[in-house]
Amino acid sequence: MAAQAFLLIASFLLVLFLLARPLGTLLARMINNVALPVVGSVEKGIWRVLGIRDLEMNWCQYLMAILLLNIVGLFALFAMLMLQGILPLNPQQLPGLSWHLALNTAVSFISNTNWQSYAGETTLSYFSQMAGLTVQNFLSAASGIAVIFALTRAFARQNVGTLGNAWVDLTRITLWVLLPISLIMALFFIQQGTLQNLLPYTSYTSLEGAKQLLPMGPVASQEAIKMLGTNGGGFFNANSSHPFENPTALTNYVQMLAIFLIPAALCFAFGDVVNDRRQGRTLLWAMSLIFVVCAALVMWAEWNGNSHFMQLGASSNINMEGKESRFGILASSLYAVVTTAASCGAVNAMHDSFTALGGMIPLWLMQIGEVVFGGVGSGLYGMLLFVLLAVFIAGLMIGRTPEYLGKKIDVREMKLTALAILVTPALVLLGTALALMTEAGRSGIFNPGIHGFSEVLYAVSSAANNNGSAFAGLSANSPFWNCLLAFCMFVGRFGVIVPVLAIAGSLVSKKIQPTTSGTLPTHGALFTGLLIGTVLLVGALTFIPALALGPVAEYLSLR
């Protein structure tokens, strides 16, 4: 097993880095505002038609553009879901959603979370899936990448007040990165057997003689951006364990690569733009080391399973419960780590059925802010927040003003960094406490006791950190849960973006200082270790206090 696990992880990372390097070069050109060959005239025509002026923005203007795009998308998707019953491409005549489910779903998809309190094949029409969810999959992914574009420019530029043009960045990211790669992936998925049609559901008779409906739909086109944009919302309720979404071992492997592709490429792009590739490699090494350890732990836990199985007469203690036999233990475990390290949320196995250690690792990966590769854009700007914190700690250790890439890190940047890092732990802890201390929250728990608490903690952690996966066993389609999770998703997304862009606005106006002797190096093994230690330390801010929430909430609820 150890040899197979090593080969799987090693081959995955090797192929990932080989694909990410050239994509990183393309992204670096976009960050540096270098026009791509051939498409320059096409871009100018698009901007002229859309009324976009190619003028650079300060951080407030950039932020307003990102917020405007997403708020308009929120209202448009909410209306579309409410009016689904009278809209076209609805062969099953599915009705509109309730207000709280429509609100939860709209917030979920504009925040790149893709939490689903519904079963896709029995709830949403083809029109809602294509014109609603898939469009937001592109726009939410582009928004995250645009934010890291702005932050990267802030580190590379000096003595200016602008961070680029948000509309130009969003257009280029969507047209020249997300769309072409998604098209290639969708065609590959179709060739492998993923559905792509607009046919009504097909009735058939099962081997047992039961009459059932076989769902149809435009699956491959949504599946591609679902993975590439680290969205994760499944066309079907079973998500990527459904054979119509993830039919073969090869599609399973490609889906995992797609989740990490842009996050890894952005690390290479960061190093290129700041003219120090060692910085990009340092970030990549820190992410990769944490990822490898987590993947190995989950594989070990699921392979060894539960020793009580053998005592009860089972032929093996390997934990295959909730996993697809066509993927097996190792691929299912790796997928679980990939999807929770990134803010994707797609699943090919039931995380609720993992062992205690196997389920704890995905939960912890979300609680550290999903900075181990993370979501497209959000993973890297989340990790750069940890970099600023690590540099600040290092500066305190040697008694010097903290610097990173020649930019001095002052009080303003550290306050904003602390705010951005603490947003999601606060949401997780307060949201979990509220759910456990109210009857409306506890009524959704089907599994009483410790595991029921874990399901609540997992759900709120998933929402606040914009992941979208679930432990299941929690009935979350109620006004209380839909509104609570919608609030956590919205604040967890934009409560981090606002201070990140404020940091970018503060840094871009500073002059890059010449390197001085006596400063702690911000690359190499020493800084990588410090960065990993900082991530572990901040992760404890959520995980350790969360362990006490169960008994405390139980005590208070009985008072």
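The table below lists the values:
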| quantity | calculated |
| --- | --- |
| Count of residues meeting criterion [in contact with a Leu (Cβ under 7 Å, 6 or more places away or on another chain) and over 26 Å from M227 (Cα atoms)] in region 95-124 | 1 |
| Residue count for region 433-491, restricted to those that are β-branched (V, I, T) and within 18 Å of P362 (Cβ to Cβ) | 3 |
| Any hit, region 81-99, residues being polar (S, T, N, Q), closer than 30 Å to Y458 by Cα and in a helix (DSSP H, G or I) | no |
| All positions within region 186-245 that are in contact with a Cys (Cβ under 8 Å, 6 or more places away or on another chain) and assigned to a loop (DSSP other than H, G, I, E, B) | T230, N231, G232 |
| Total residues in region 325-346, condition touching a residue at least 24 places away in the same chain (Cβ under 8 Å) and either among the hydroxyl-bearing types (S, T, Y) or surrounded by fewer than 21 Cβ atoms within 10 Å (Cβ to Cβ) (or both) | 8 |
| Tally, over region 22-49, of residues that are part of a helix (DSSP H, G or I), within 22 Å of R153 (Cβ to Cβ) and among the small types (G, A, S) | 3 |
| Among (1) farther than 20 Å from I368 by Cα; (2) among the basic types (K, R); (3) not in a loop (DSSP other than H, G, I, E, B) - the single one R493 does not satisfy | (1) |
| One residue from G144, G120 being within 23 Å of the chain's Cα centre (by Cα), buried (at least 21 other Cβ atoms within 10 Å of the Cβ), of a type in the set (G, A, S) and over 21 Å from L178 (Cβ atoms) | G120 |
| Any hit, region 73-84, residues being in contact with a Gly (Cβ under 9 Å, 6 or more places away or on another chain), within 27 Å of A464 (Cα to Cα), crowded, with 20+ Cβ neighbours inside 10 Å and of a type in the set (S, T, N, Q) | no |
| Evaluation of M82 against (1) under 19 Å from M227 (Cα atoms); (2) over 19 Å from the mean Cα position of the chain (by Cα); (3) not charged (D, E, K, R) (one fails), failing number | (1) |
| Among the residues listed as A553, A548, A525, A540, the single one being within 26 Å of the chain's Cα centre (by Cα), at pLDDT below 85 and not charged (D, E, K, R) | A540 |
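Listed here are the residues, each with its yes/no results for (1) farther than 19 Å from S332 by Cα; (2) at pLDDT below 95; (3) crowded, with 24+ Cβ neighbours inside 10 Å; (4) basic (K, R).
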| position | (1), (2), (3), (4) |
| --- | --- |
| L175 | yes, yes, no, no |
| A210 | yes, yes, no, no |
| L214 | yes, yes, no, no |
| Q222 | yes, yes, yes, no |
| N237 | no, yes, no, no |
| H242 | no, yes, no, no |
| L250 | no, no, no, no |
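The values are calculated or read from the model by the stated rules, or taken from the named source; none is laboratory data. Everything quoted here is computed from the prediction, not taken from an experiment. With ideal geometry, Cβ positions are generated from the backbone for all residues, glycine too; neighbour counts draw on all protein chains shown.
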